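Have a look at the structure below before the remarks.
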Amino acid sequence: MIFLRSLLFNVCFAAWAMISSFLFAPLFLISTRAALMAGRPWAKGALWLARIICGLTHEIRGREHLQAAPVIYASKHQSAWDTLIFLVLLDHPAYVLKRELLKIPLWGWYLWRMKMIAIDRASGASSIKKMLREAKHALESGRSLVIHPEGTRTAPGDAPRYH
């Protein structure tokens, strides 16, 4: 049963990603801010699918700690879920993400248009310098930063090396 629900979720998630990419295309064309606005309903739809199909629920604790001013949110990266929730919780976050994600058709174009901070993990120090410049610009523009300091997903309870 888990396999079937997972399969159904993945099919519906891919369909929702394609539908929303086309549905929100006018926002993509208008501006970066408008493209960012498309991220929230897409993420809410994906979370809804996870709840309806997989029975995945969540509880947000500590909302009082969310800041209106731009700050850095360092989040443990355990699943795709934690990439969705910040689009719902924050006004217009700037994610630090791996550059390969920009190559995904449609979805990657949105990431690029939303001015997410893409880093090439293989290029070492130059990538870090570029990330710092873009992160500083995002914060100065009033955007909070979302980063997963371990660099990739880890299992709950693991103690990864932070970068």
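The values are calculated or read from the model by the stated rules, or taken from the named source; none is laboratory data. Because the structure is predicted, anything quoted here is derived from the model rather than measured. Glycine also receives a Cβ, built like all others from the backbone with ideal geometry; neighbour counts cover every protein chain displayed. The protein model used for the area step is the full one, side chains on, heavy atoms only, and it has no ligands, DNA or RNA in it. Shrake-Rupley method; radii C 1.70, N 1.55, O 1.52, S 1.80 Å.
Each row is one residue, and each column tells you yes or no for (1) over 16 Å from the mean Cα position of the chain (by Cα); (2) surrounded by fewer than 16 Cβ atoms within 10 Å (Cβ to Cβ); (3) closer than 19 Å to residue 85 by Cα.
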| position | (1), (2), (3) |
| --- | --- |
| 7 | yes, yes, no |
| 11 | yes, yes, no |
| 19 | yes, yes, no |
| 22 | yes, yes, no |
| 27 | yes, no, no |
| 35 | no, no, yes |
| 43 | no, no, yes |
| 46 | no, no, yes |
| 49 | yes, no, yes |
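Please work out if residue 138 is within 30 Å of residue 6 (Cα to Cα), outside any strand (DSSP E or B) and of a type in the set (Gly, Ala, Ser). Criteria not met by residue 138.
Candidates in the stretch 133-163 are the residues that are open to solvent by 40 Å² or more (accessible area, probe 1.4 Å) and under 15 Å from residue 97 (Cβ atoms); of these, the one that is modelled with the highest pLDDT is 134.
Number of residues in the stretch 93-103 that are open to solvent by 60 Å² or more (accessible area, probe 1.4 Å) and not in a helix (DSSP H, G or I) equals 1. Of all residues in the stretch 1-19, those that are farther than 11 Å from residue 52 by Cβ and part of a helix (DSSP H, G or I) have Cβ atoms under 8 Å from Cβ atoms of residues that are open to solvent by less than 90 Å² (accessible area, probe 1.4 Å) and aliphatic (A, V, I, L, M), 6 or more apart or on another chain, in 13/46; 13/49; 16/46; 16/49; 17/46; 17/106; 18/106. With the condition kept exactly as written, say whether any residue in the stretch 115-132 is under 18 Å from residue 31 (Cβ atoms), of a type in the set (Lys, Arg) and either assigned to a helix (DSSP H, G or I) or modelled with pLDDT under 90 (or both). Taking every residue of the stretch 115-132 in turn, none turns out to be under 18 Å from residue 31 (Cβ atoms), of a type in the set (Lys, Arg) and either assigned to a helix (DSSP H, G or I) or modelled with pLDDT under 90 (or both). Looking at 85, 60, just one residue is aliphatic (A, V, I, L, M) and part of a helix (DSSP H, G or I), and that residue is 85. Of all residues in the stretch 35-62, those that are of a type outside the set (Ser, Thr, Tyr) have Cβ atoms under 7 Å from Cβ atoms of residues that are at pLDDT 95 or above and open to solvent by 80 Å² or more (accessible area, probe 1.4 Å), 6 or more apart or on another chain, in 53/8.
The condition of being open to solvent by less than 80 Å² (accessible area, probe 1.4 Å) and without any contact (Cβ under 8 Å) to a residue 40 or more places away in the chain holds for only one of 90, 111, 84, 106, that being 111.
In the set (1) at pLDDT 90 or above; (2) out of contact with any Ser or Thr (no Cβ under 8 Å at 6 or more places or on another chain), residue 68 fails one condition alone, (1).
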